[in-house]
Amino acid sequence: MIGLPSPALVIGAGPAGLMAADTMLAAGLPVIVAEAKPSPARKLLMAGKSGLNLTKDEPFERFIARYDEAAPWLAPIIARFGPPEIMRWAQNHGQDVFTGSSGRVFPRAMKASPLLRRWLKDLAARGLDLRLRWRWAGFRGDALVFDTPQGEALLNPAVTVLALGGKSWSRLGSDGAWLPWLEKKGVKITPFAPANMGFRINWSAHMQPHFGAPVKNLRLMAGAQTSRGEIVITSKGIEGGGLYPLAKTLRCGAPLLLDLFPDHDETRLRARLAARPARESSTARLRKALRLDAARLALVLECARPLPRDPAQLAALLKALRVPLGPPAPIDEAISVAGGINRAALNDDLMLKALPGIFAAGEMLDWEAPTGGYLLTACLATGLHAGRAAARWSIAQRHGADDQPAHG
């Protein structure tokens, strides 16, 4: 006779962790979720403040390509829980969704909080044991140690899913504190690097009036990659959605070029500049012939002084303005990270080869993707995959133990 299963453990109550817990509950396992913060899914809630981008509705081949080197091993995982499944999942939790003109998918409520409240309520009704302010503090032998409001606690779960995030936005819980504990156990870790981040620029004083100003409708180029979108000029440099898809290439040293007029060809710009009086300064030509707004003009003057007077050279400059980037913003200011648990440290079920019975999901894993729904999709998909595999492993272990002859 098979006895009652021991509880499964999930460490981290973000999207990946909650999805793993959801899946193991569905398989009939009692589940404990240990969360270091006073409330769950803080990074999800922060991301949803400006509109929760659930996923991207586009052909699978184009979607999966955005994961670059990780695409081959993520493809079968995301194929089982990709954009169509995530849209249905949100709808099943009472959230109607819509697809914007760019293909990005949002809940009609836009914010993350209604979806999260409904999800947590459902999980609680199914028996989830959510323990807040339970901070994982490493291993002691085979046990997992936690600092809790009641003091130190040790757990020996039937199976564990780690979903502690990467190392960005540490104030929301992703601080990478787990890294040395896993390395000490023989788990190979790819060093972390910032992803979806801004870059530092040592601006001159004349840029100060434009701090906080967006520069919209740009084509950004780095190496062989291009992106359409906007940047924001900050006191420290630049950031913004147009920049993030190029972040990896820029991080590796490619120069950043801006096409300030992506909807106009160079010939048209040259003609408009040449039509101005020859005595006009280049700055006046840019204002009067092309109606450059203040932030755009400041950017040109900052990056390309002295400006050429020849209309052809000036037009070419506007189509490929080189921005003098400094280093990437620090990892704690990045939206996400590259690096984490190396793929070679995991089997196909996302179980750690060095630690049987311990699985990992979400941003702890070594994959990188741009914003636009790709981050959340991979977190949910790997959480589901790890949760299913953990449930199978736990049930198989329990059956194996019950099949052993009694001793004594």
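The values are calculated or read from the model by the stated rules, or taken from the named source; none is laboratory data. Note that the coordinates shown come from a computational prediction; the quantities given were computed from them, not determined experimentally. Positions of Cβ are generated from backbone atoms using ideal geometry, with glycine treated the same way; all protein chains shown enter the neighbour counts.
A compact table of results
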quantity	calculated
Odd one out for Asp348, checked against (1) under 30 Å from Gly186 (Cα atoms); (2) touching a Ser or Thr at 6+ places or on another chain (Cβ under 7 Å); (3) among the acidic types (Asp, Glu)	(2)
Residue satisfying all of: in segment 176-226; under 20 Å from the mean Cα position of the chain (by Cα) and assigned to a loop (DSSP other than H, G, I, E, B); farthest from Gly165 (Cα to Cα) among these	Gly198
Test result for Ala391, hydrophobic (A, V, I, L, M, F, W, C), touching a strand residue (DSSP E or B) at 6+ places or on another chain (Cβ under 9 Å), over 22 Å from Ala193 (Cα atoms) and modelled with pLDDT of 95 or more	yes
The lone exception for Leu123 - which of (1) touching an Asp or Glu at 6+ places or on another chain (Cβ under 7 Å); (2) farther than 29 Å from Ala344 by Cβ; (3) assigned to a strand (DSSP E or B) it fails	(3)
Residues satisfying the stated conditions in segment 27-64, i.e. closer than 20 Å to Leu144 by Cβ, charged (D, E, K, R) and part of a loop (DSSP other than H, G, I, E, B)	Lys37
Subset tally (residues that are on the phi < 0 side of the Ramachandran plot and assigned to a helix (DSSP H, G or I)) for segment 342-396	28
Residue that is without any contact (Cβ under 8 Å) to a residue 12 or more places away in the chain and farther than 11 Å from Gly198 by Cβ, where the choices are Gly253, Gly229	Gly253
Hits in segment 227-282 - residues which are in a helix (DSSP H, G or I) and exposed (fewer than 15 other Cβ atoms within 10 Å of the Cβ)	Thr267, Arg268, Ala271
Breaking point among (1) within 20 Å of the chain's Cα centre (by Cα); (2) modelled with pLDDT of 95 or more; (3) farther than 25 Å from Asp129 by Cα; (4) surrounded by fewer than 21 Cβ atoms within 10 Å (Cβ to Cβ), for Phe63	(4)
Segment 223-272: number of residues that are basic (Lys, Arg) and within 24 Å of Ser204 (Cα to Cα)	2
